[in-house]
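Step one of this worksheet: look at the structure below.
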Protein chains: 2
Amino acid sequence: MFNFDFQAATNVLFGKGQIEKLPSSLAPFGKNVLLTYGGGSIKRNGLYDDIISKLGSDFNVFELPGIEPNPRIETVIKGVELCREHKIDVILAVGGGSTIDCSKAISAGTFYDGNPWDFTSDASLVGETLPIVSILTIAATGSEMNGGSVITNLETKEKLSFGARSLAPKVSILDPSYTFSVPKYQTMAGSADILSHLFENYFDHTKDAMVQDSIAEGLMRTVHHYTPLALENPENYEARANLMWASSLALNGLTGSGKAQVWSCHAMEHELSAYYDITHGIGLAIITPRWMKHCLNETTAAKFAEYGHRVFDIDYMDDTMAMAEQAIESTYQAFKNWGVPMTLGEVGIDESLLSEMASQTIKHKSLDNAFVPIKEADVLAIFKASLVEMY
Amino acid sequence: MFNFDFQAATNVLFGKGQIEKLPSSLAPFGKNVLLTYGGGSIKRNGLYDDIISKLGSDFNVFELPGIEPNPRIETVIKGVELCREHKIDVILAVGGGSTIDCSKAISAGTFYDGNPWDFTSDASLVGETLPIVSILTIAATGSEMNGGSVITNLETKEKLSFGARSLAPKVSILDPSYTFSVPKYQTMAGSADILSHLFENYFDHTKDAMVQDSIAEGLMRTVHHYTPLALENPENYEARANLMWASSLALNGLTGSGKAQVWSCHAMEHELSAYYDITHGIGLAIITPRWMKHCLNETTAAKFAEYGHRVFDIDYMDDTMAMAEQAIESTYQAFKNWGVPMTLGEVGIDESLLSEMASQTIKHKSLDNAFVPIKEADVLAIFKASLVEMY
């Protein structure tokens, strides 16, 4: 286990009706609130009206609607301008990872003279920040409980991340019933994203991080248990609650602290999303089993076998490689059974730009220290394998 | 899953050499430091000298040594007087749960006009508090990452707890190498304590808290894996690291938030410690398997069976009751294999006061809402069963 610093300072208010605490959560920071949100689903499901009525006349609410699923730097800049113009005290981010990520970039950008895009190449440029309070409406990215942010620059076809501890929301309201209206496609994409966060830290070469890995195994099992239940009955509170809490814990440092944290699938998927603007979680679900298969060798088989035992209850057998193969196939079939389109073609990606995206992947991030080192040729092989069904 | 609020605000600095950050961890709070510690093991192993040299002339260090394994209210009061007399800005607690718990009571007691013992009957009396920085020297209670405190009043034979979020250490330095010198007896007692914290939340009647329960299962498996390794080779860094991090995560809210949190074994053990001043973790190890057996019935068998499968890899079989029995026996044998004395007689407790302690258990805490409701007669039966070997 490597040395690490861990802090989960976000005050999580979890459960039905926790929105009652919204005014008292915002009040310590000031009266001028920038309400950020996405495509307007919160207007359709009544959450927007509820928020406005709860804030009443005690707060001055300004709005930044229309944050994109892969939030763009132009939107960040628009938010920065609003914060400066209205002397915003606190950002209220209502939505999923996109809205919260965008709000983090706005938070830091407000006090930064240059273009907030600069943060993606040097996070130390993050100085003072505006406090963020979030209300989560989809279980997926974990952004509600960490300081990370992913922003997209469509012009340069780049989707890059940065982070600072001060950007973690001060308070996050997690009411599972807000996710009842999340459509099937987004529900499965969210679950794939949660699993991917767990995979990225779990499958690495750090020895003796059993605390982290056994927590990851438990959360993976939880996601596999409840995702089909949430897809079958979107208003299954317990399923939504477990998925929501798993999403936060999958990426708040619990499973990554003390490990190498070289993220291969996210690096590859960010290129797919930057070039094709596809749903992040779906891209991850497609890439992941191919990446697993690509990483499988005599050295790594034991880890995949252990994963299969702990997550899919695959019985131990002498043939570790066979267990590992079974674990990878179980991963693929689980996604497929949820209904995830499991080839790139199904999400509108053909082979024309695969080479360019493979090159960009390694340009943006070295994967030499990953579970199995990944070079440009490996990325291309994984992308090409993602064009056809695996089984 | 019940509603909950979760926050893990303690900044955990984990790993070898993190003590380098001690001065910068204390500095934001002020210059006047009360250094609290126990029986002096930190003087024998060099940690005391290291701390004093790191603090140099930048801090004014006052000391409260000699905190007892079951810290007494008299010691708390002595600490409060020191804090007031020397205008202490921050308490530096160096030790295990006893030292940190005592420091929490001192922290709150400094700003309270009455006897700090009052907190044990009404935690809302905790007002302003002094910040605490801790350096952990044994993996056990989890006090390094929560706001709970347990204090003993030997005069009234009472060992009672209280807590407040503000009492959680601001910074905790967790260097596993500081636990190399923990003797075998204390190492196994610490591991039993960690497991008990997990059991207390895991075995309850809350439905659909799989996130919490699967994390608990993973941590239990981790403790079982590494405790024998730490006992065999006390300087096994990886074993000590996993046990240390497991101890903090077992009681920082992760496995308890959203569950009923009625703690039966701790309620019973606190009476044993209050009357006989025995080592807390050993008392828990003795009581726990008898309590499990007492709770086993047609309704609870499935939970014990699942526990056996996840923690001891007991294969699923049609006979759930047999699986459950096997899980309980595995728990008992694990403690015994570590070397824990598994009957009350071995720790100097005979049957003379069992009735009185059973009565006090229920007087101090209702266990009606526990996994299986526990009345005075149940406590007595569990105590009596603890007089003889189980298998």
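The values are calculated or read from the model by the stated rules, or taken from the named source; none is laboratory data. Computed from a predicted structure; not experimentally measured. All Cβ positions, even for glycine, are placed from backbone atoms using ideal geometry, and neighbour counts span all protein chains on display. Ligands, DNA and RNA are excluded from the accessible area calculation, which covers all protein heavy atoms including side chains. Shrake-Rupley method; radii C 1.70, N 1.55, O 1.52, S 1.80 Å.
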| Relative contact order, percent, the range A:184-385 [alpha-carbon distance under 8 Å, six or more residues apart] | 27 percent
| query | Which value, in debye to the nearest 20, gives the size of the charge dipole of chain A about its Cα centre, when Lys and Arg are +1 and Asp and Glu are -1 at the Cβ? | reply | 820 debye
| Interface A/B, total buried accessible area with a 1.4 Å probe, nearest 100 Å²? | 3800 Å²
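Is there a quick way to get the dipole size of the range A:184-385? I mean about its Cα centre, with the Cβ of Lys and Arg at +1 and of Asp and Glu at -1; what is the value in debye to the nearest 20?
320 debye
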| field | Cα gyration tensor shape for the range B:1-93, rounded if a/c is under 1.5, else prolate or oblate | value | rounded
| remark: Computed from the beta carbon distance with a Förster radius of 35 Å, FRET efficiency for B:Lys16 and A:Ser121 to the nearest 0.05 stands at 0.65
| task | Enumerate the amide H contacts of B:Glu158 below 5 Å, restricted to partners 5 or more residues apart or on another chain; note that Pro and chain-start residues carry no placed amide H. | result | B:Asn153
| field | Stretch gain in nm, segment A:Asp350-A:Phe2, where the contour uses 0.36 nm per residue and the Cα spacing is subtracted | value | 121.2 nm
| field | Gyration tensor (alpha-carbon) shape descriptor, the range A:176-279, a/c threshold 1.5 | value | oblate
| query | To the nearest 10 degrees, how steeply does helix A:184-202 sit against the main Cα axis of chain A, on a 0 to 90 scale? | reply | 70 degrees
| request: Report ³J(HN,Hα) in whole Hz for each residue of the range B:136-144, in order, from the Karplus equation J = 6.51 cos²θ - 1.76 cosθ + 1.60 where θ = phi - 60°; Gly and Pro get x. | output: 7, 10, 8, 8, 6, 7, x, 4, 5
| Cα centre as origin, Lys/Arg/Asp/Glu Cβ charges: the protein assembly as shown dipole, Debye | 1280 debye
| message | Averaging over every viewing direction, what projected area does the convex hull of the Cα atoms of the protein assembly as shown cover, in nm²? | response | 32.6 nm²
| said: Over chain A, what is the relative contact order in percent, taking alpha-carbon pairs closer than 8 angstrom and at least six residues apart? | reply: 16 percent
| request: Please report, in whole Å, how far the alpha carbons of the range B:234-283 spread along each principal axis, starting with the longest. | output: 36, 32, 10
| request: Give the distance, in whole Å, between the Cα centre of the range A:339-379 and the Cα centre of the range A:268-296. | output: 7 Å
| In degrees, nearest 10, range 0 to 90: what is the angle between the Cα axis of helix A:376-385 and the longest Cα principal axis of chain A? | 80 degrees
| remark: For the A:Lys336, B:Glu155 Cβ pair and Förster radius 51 Å, calculated FRET efficiency rounded to 0.05 is 0.15
| query | Where does the range B:65-159 land on the Kirkwood hydrodynamic radius, alpha-carbon pairs, in angstrom? | reply | 13.1 Å
| query | When we measure straight from the Cα of A:Lys31, which lysines land under 30 angstrom away, once same-chain ones fewer than 8 places off are left out? | reply | A:Lys16, A:Lys21, A:Lys43, A:Lys54, A:Lys78, A:Lys87, A:Lys104, A:Lys170, B:Lys170
| Mean-position separation - Cα centroids, the range B:188-251 and the range A:39-108, in angstrom | 41 Å
| message | Run the label-point distances for A:Gly30 please: 7 Å along Cα to Cβ, every other copy, nanometres, shortest first. | response | 3.0
| query | Amide H neighbours of B:Leu64 under 5 Å, counting only residues 5+ apart in sequence or on other chains, H built in-plane at 1.01 Å? | reply | B:Leu35, B:Thr36, B:Tyr37
| field | Residues in the range A:181-220 reached by a label modelled at A:Thr299 [backbone nitrogen below 13 Å; 7 Å Cα→Cβ] | value | A:204-207
| said: Can you tell me the orientation of helix A:237-249 relative to chain A, as the angle in degrees between its alpha-carbon axis and the longest Cα principal axis, to the nearest 10? | reply: 90 degrees
| request: Could you go through the range B:66-83 in sequence order and give the Karplus-derived ³J(HN,Hα) for each residue, using 6.51 cos²θ - 1.76 cosθ + 1.60 with θ = phi - 60°, rounded to whole Hz, and x for Gly and Pro? | output: x, 5, 6, x, 10, x, 9, 4, 4, 5, 4, 5, 4, x, 4, 4, 4, 4
| message | Once neighbouring chains are kept in place and the probe is 1.4 Å, which whole percent of the accessible area of chain B is contributed by carbon and sulfur? | response | 50 percent
| message | Eigenvalues of the Cα gyration tensor times 5, then square-rooted: what semi-axes does that give for chain B, in whole angstrom, largest first? | response | 34, 23, 19
| message | For the protein assembly as shown, what does the accessible surface come to per residue with a 1.4 Å probe? Please give it in Å². | response | 35 Å²
| message | Which one, B:Pro169, B:Asn32, B:Pro71, is farthest towards the positive end of the dipole of chain B when Lys and Arg carry +1 and Asp and Glu -1 on their Cβ? | response | B:Asn32
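Starting from the Cα gyration tensor of the range A:270-309, take the square roots of the eigenvalues, sort them a ≥ b ≥ c, and report rounded, prolate or oblate (rounded when a/c is under 1.5, otherwise prolate if a/b is larger than b/c, else oblate).
prolate
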| task | Report, for A:Tyr391, each distance to the same residue's label point in the other copies, shortest first and in nm; define the point 7 Å along Cα→Cβ. | result | 3.7
| How large is ³J(HN,Hα), in whole Hz, for each residue of the range A:349-364 in order, when computed from phi with the Karplus curve 6.51 cos²θ - 1.76 cosθ + 1.60 and θ = phi - 60°, using x for Gly and Pro? | 10, 9, 7, 4, 10, 4, 4, 4, 5, 5, 5, 5, 4, 6, 5, 7
| query | Inter-copy label distances at B:Gly345, 7 Å along the Cα→beta-carbon direction, one decimal in nm, shortest first? | reply | 7.6
